[in-house]
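Q: Take a look at this one; I'll ask things after.
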Amino acid sequence: MAANQARNRLTPYSYNLCPLKNASREIRIMVIKEISKNGNDEVLQVELQSLDISTYHKIQAGSDVEPYYALSWCWRAYDGEDEVLQQLVPINILKNKSKYTFLLSSNLNAALKALYTLKIFRIWVDWVCIDQGDVAERSNQVRLMAQVYGKSEIVYVWLGEEKHGSKRAFKFIPKMLEVRGFNELVKDSHEDLKAVKMLLTRDWFSRRWIIQEIALADQAMLICGTDQLEWSKFAIAVSLFTEYETQTRGLSEVMKARVEYDNHPDYFGNLPSLSAAHLVEITNKLFRKRNNGHLDRLLSLEYLVSTFITFNSSEARDNVYAILAIAKDTTPQTVDQIDTVLKPLTLKNIEEKSKTFARILRQFAAQYLAAFTNSKPYNVDYDQPISDIYVEFVQFCIERARQQEPTRALDILCRPWAPDPDFPDEADSNPHWRVKFTWKKSYNNKPEETETGEQVPQSSRAKKKGNNAPEADMNTDPIRSGGTNVTSEVTTASKVQDGQEDQDTIPSWVRSKELFSHGCEREGEGNIKMTRRNPDSLVGNPSQYLYSASGSRGVTKNLRFQDGRIEAPGKPEHNHHYHSIFVEGFVLGTVAELGERSQKGVIPKTWATLCRRHAKPTRTPTRFWELSRSNDFWRTLIADQSWTGRDPPRFYQHILQSRYAGDIDVDLSDLTQYNKLKCEPAKDVSQRVQAVIWDRVLMIVDCKTRQSTGQNMQDDDPVLGLAPYQTKADDLVCILYGCSVPIILRQYDKSESVLKAQEKEREKELQLKAYNMFANAYFRSRCIAVKDDYIRKEMVPPSTSRARQSTPSISKAPASSSGKRKRSSQDGIHQPDTSNKRRTRADTRERSVLTSPTPTPEDASSRGYGPPRQEKPPLDDKADFNRPLSEPKKFYKMIGECYVHGMMHGEAIEHQNVERLPKVIFEIR
């Protein structure tokens, strides 16, 4: 009560009292002065100071500069099985002998008090040191996270107050590090094992931002209540803990023998999938440290985003942004950075006339900056719609992959990674698969709620007010979740749904993270474990090479993206902002028949019936495993690979034949949990079958053929396969060039209104081409002549060669003997020809553009910089086969990846060539 009265008396703190002159270079540091008594409450008294992080270096011995410490924390804490909404407590921020109130989560307040008792006073913590209500500042500060955590003296990790046996766990972990007698230690320590398990499932380990926070730290320290433990020791213990359970299931055997745990055969679940175990292992692979201390980043953005699926953020944008600082192929970049390069172009005046042209100029500036970095700049913008961020990420992954592995560049379309949106009731019946991001999500993927029970909207365009006002909604995470310490005017479901700008949609080729193989499951007494929910992805992670369905065919030049808005007259539920990807491939066949869905990895007996129905007829009755299809069947159950991704050993077939006869449903999980066969290799077979068939259906595929007459015919020998349970009969089984596995597509016809709307979008695309050509010439003439002090100071990495550092501007390559200019490998932007070759009429037109004043969009077409004229295709007597077919009146919904036996290693391409199946450009939405 006293705290609330004090809060009401004081003025809410405004960040105008401690402004950042340049948010892309400076940060704020919080300095704890004291803890004062206010009745029965203890209130922190703090100050905020600015610091130029770009010039700050870690403190050396004997230096007079005071170091700072970074705090990694989590907004929420658990109490038993339920999530407790944290109470809000005030602190006082001092400025010019005045006090201002600022609200914190009680968990953060406890963390700061714990640091104060450890005599840690200068602290960087995101919730206080970043103006969460300023989207531009937040975007700029994300780019600095690598420096903030990398330059801090120590990163302190606050796991919460002492509870759930945390003190027991902190005492047991050092014993595990002794290694000697490890097996005997765990056999007699069931209470200690439970305490360690409860510690590993604390909420901090599931937050997405902590990946870079712990990975970038030179030194990290865990704090739980009054206990402390070095991160390095904790990581070794967790690695031992996980490996022992994975190899021997020894920990589960200890718990299974205890009545107090209900003799549970799988108490720990899948430990390697647990966020804490994954964090420990992956942070050991992120960097390679050189002798000079420089860290080389080793893993790509696609790999990190698609493997860190168990780490959550309530802000969907942070699913990508929280990883940028540790990916080897990205550099976080903001609009402020780009605009610095564009200052000579008077971008503000250009933007007033054409926002589109200004945006394209920024893209050219980003390319220019990319020439001076070892990785590609990645724009951070919290104002951007979520769907656009998702599409931008997919584009980024495809463009990077097509340069290195073009035959697998489209695998990202099959890989689950995106936070799950709010599915409307009509999602299954709506062919556009339009879904909305309406509410912020908590750790369990349920909508967050305020103290009054209202759900928190997740809108990129909601208007904000009042920094840290007393009535502000505080039930949102700080920058790590993109939350805001402000009040949103959009607070009810009706307002969010009525405002068109507050709706967001994603296409079917952005795969939901809910399709990931494992998920969090709660059992009694707060026991949290990772259990299987879905089958393993057939494409695997980006480092795995499992299949090659498209053979050596990579992504073609016909790949493109399109988006726009379509209004369906009389059908407002179909009004949507769509995203399309155009990819080239061919239809391998159609789904002729489907079997029963495999519930939790059980092999249905009806699958044997389906195989009998499509097997070659025999004169005498035969047992199931004597059918002509039996060999294809058991190989389909394991997707023709062993657990390690190699060819299956001989005993796989024997074990499956001994367990499944086609007369009853068979659950192989007893081989894993109870080891009924007393045969360790049988566990591998069980795990592989479950990983492949879980929630999938057996399908019969009619592969297309084409005779010399050009007539289609049915194949006499259909093919077995596995497909998502959402698959329907007559769905198409397709091969996309650049995708390592086949996919299931469902075809739809476009309505007249859709065709008209899409034609308008196509016209916009052509106009954008004109803008691009004109912007290229304009940017070359105005920007490259500018001295690049900014680039020399900020964009040249430490590992860049001396020659590039000494000449930060793009140099012109010498002309060759023939008079033609050679393009330098360091060129970020194409240079004009400096040879004495005779100028043509086009050259004269280009000079007039380069010397023109600030352009307008109309200049692009009036000066002849329109889209290039389409060339006539060369004459070819096989044009109907070699040239891809375009289907402007159709589009496709992606159902998911699938397995087609005998078509996973280039056989489908051979089949296409032999049967002369036509190439098709699929528009997938």
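The values are calculated or read from the model by the stated rules, or taken from the named source; none is laboratory data. What you see is a predicted model; the values in this text were computed from it and never measured. All Cβ positions, glycine included, derive from the backbone under ideal geometry; neighbour counts span all protein chains shown. Heavy atoms of the whole protein, side chains included, go into the accessibility calculation; ligands, DNA and RNA do not. Shrake-Rupley method; radii C 1.70, N 1.55, O 1.52, S 1.80 Å.
Q: Based on Cβ point charges of +1 for Lys and Arg and -1 for Asp and Glu, what charge dipole magnitude is obtained for the range 16-158 about its Cα centre, in debye rounded to the nearest 20?
A: It works out to roughly 540 debye.
Q: Sticking with this structure for a sec: In Å², and per residue, what accessible area does the range 600-694 have when probed at 1.4 Å with the other protein chains present?
A: Details: 5180 Å² over 95 residues.
Heavy-atom accessible area per residue stands at 55 Å².
Q: Mind giving me the FRET efficiency for K889 and S543? R0 is 30 Å, r the Cβ-Cβ distance, nearest 0.05 is fine.
A: That pair, K889 with S543, gives E of 0.15.
Q: Over the heavy atoms of Y725, what accessible area does a 1.4 Å probe trace out, to the nearest 10 Å²?
A: 100 Å²
Q: Over the range 600-694, with every protein chain in place, what whole percent of the accessible area is carbon and sulfur at 1.4 Å, could you tell me? Spell out each step's value before the answer.
A: Details: 2500 of 5180 Å².
Reported share for carbon and sulfur atoms: 48 percent.
Q: A further question follows. Note down the nm distance, to one decimal, between modelled labels 7 Å out along Cα→Cβ at S54 and at K163.
A: Label at S54, label at K163, 4.4 nm between them.
Q: Between N882 and E42, how many nm apart are label points set 7 Å from Cα along the C-beta direction?
A: Each label point is offset 7 Å from its Cα along the Cβ direction, giving 8.0 nm.
Q: Considering the convex hull of the alpha carbon atoms of the range 600-694, report its projected area averaged over all viewing directions, in nm², one decimal. Intermediate results must be reported in sequence, preceding the final value.
A: Details: hull surface 24.3 nm².
That works out to 6.1 nm², a quarter of the Cα hull's surface.
Q: Whole number please: convex hull volume per residue of the Cα set in the range 16-158, in Å³? Could you put the intermediate results ahead of the total?
A: Working: hull volume 20.3 nm³, N = 143.
Residue-normalised Cα hull volume stands at 142 Å³.
Q: Which parts of the range 293-334 would a label at F561 reach, counting a residue when its backbone N lies under 15 Å from a point 7 Å out along Cα-to-Cβ?
A: 302, 317, 320-321
Q: Also, quick follow-up: Leaving out ligands, DNA and RNA, what percent of the accessible area of the range 212-310 is carbon and sulfur, probe 1.4 Å?
A: Working: 1900 of 4190 Å².
Heavy-atom surface of the range 212-310 belonging to carbon and sulfur, 1.4 Å probe: 45 percent.
Q: Per the 1.4 Å probe, what fraction of the accessible area of the range 16-158, in percent, lies on carbon and sulfur atoms? Could the numbers behind the result be given before it?
A: Numbers: 2550 of 5750 Å².
Carbon plus sulfur share of accessible area: 44 percent.
Q: In addition: Among the listed pairs K704/K750; K704/K893; K513/K750, which are separated by more than 22 Å between their Cα atoms?
A: Details: K704/K750 25 Å; K704/K893 20 Å; K513/K750 29 Å.
Checking Cα-Cα distances, K704/K750; K513/K750 exceed 22 Å.
Q: When the chain is fully extended, how far beyond the present Cα-Cα distance does R762 get from D188, taking 0.36 nm per residue of separation?
A: Details: separation 574, 0.36 × 574 = 206.64 nm, distance 6.96 nm.
Full extension of this stretch gives 199.7 nm more.
Q: Okay, next question. Between T606 and E392, take the C-beta separation as r, use R0 = 60 Å, and let me know the FRET efficiency to the nearest 0.05.
A: Once rounded, the FRET efficiency stands at 0.85.
Q: How do 147-153, 252-258 rank on mean C-beta neighbours within 10 Å, highest first?
A: On the way: 147-153: 20.1, 252-258: 16.7.
Highest to lowest by the protection proxy: 147-153, 252-258.
Q: With each label point set 7 Å from Cα along the Cα-Cβ vector, what nm distance links F582 and E399?
A: 1.8 nm
Q: Between Q657 and N96, what FRET efficiency follows from the Cβ-Cβ distance if R0 is 56 Å, with the result rounded to 0.05? Don't jump to the answer; show the numbers that get you there.
A: Numbers: r = 82 Å, r/R0 = 1.47.
Given R0 = 56 Å and the Cβ-Cβ separation, E is 0.10.
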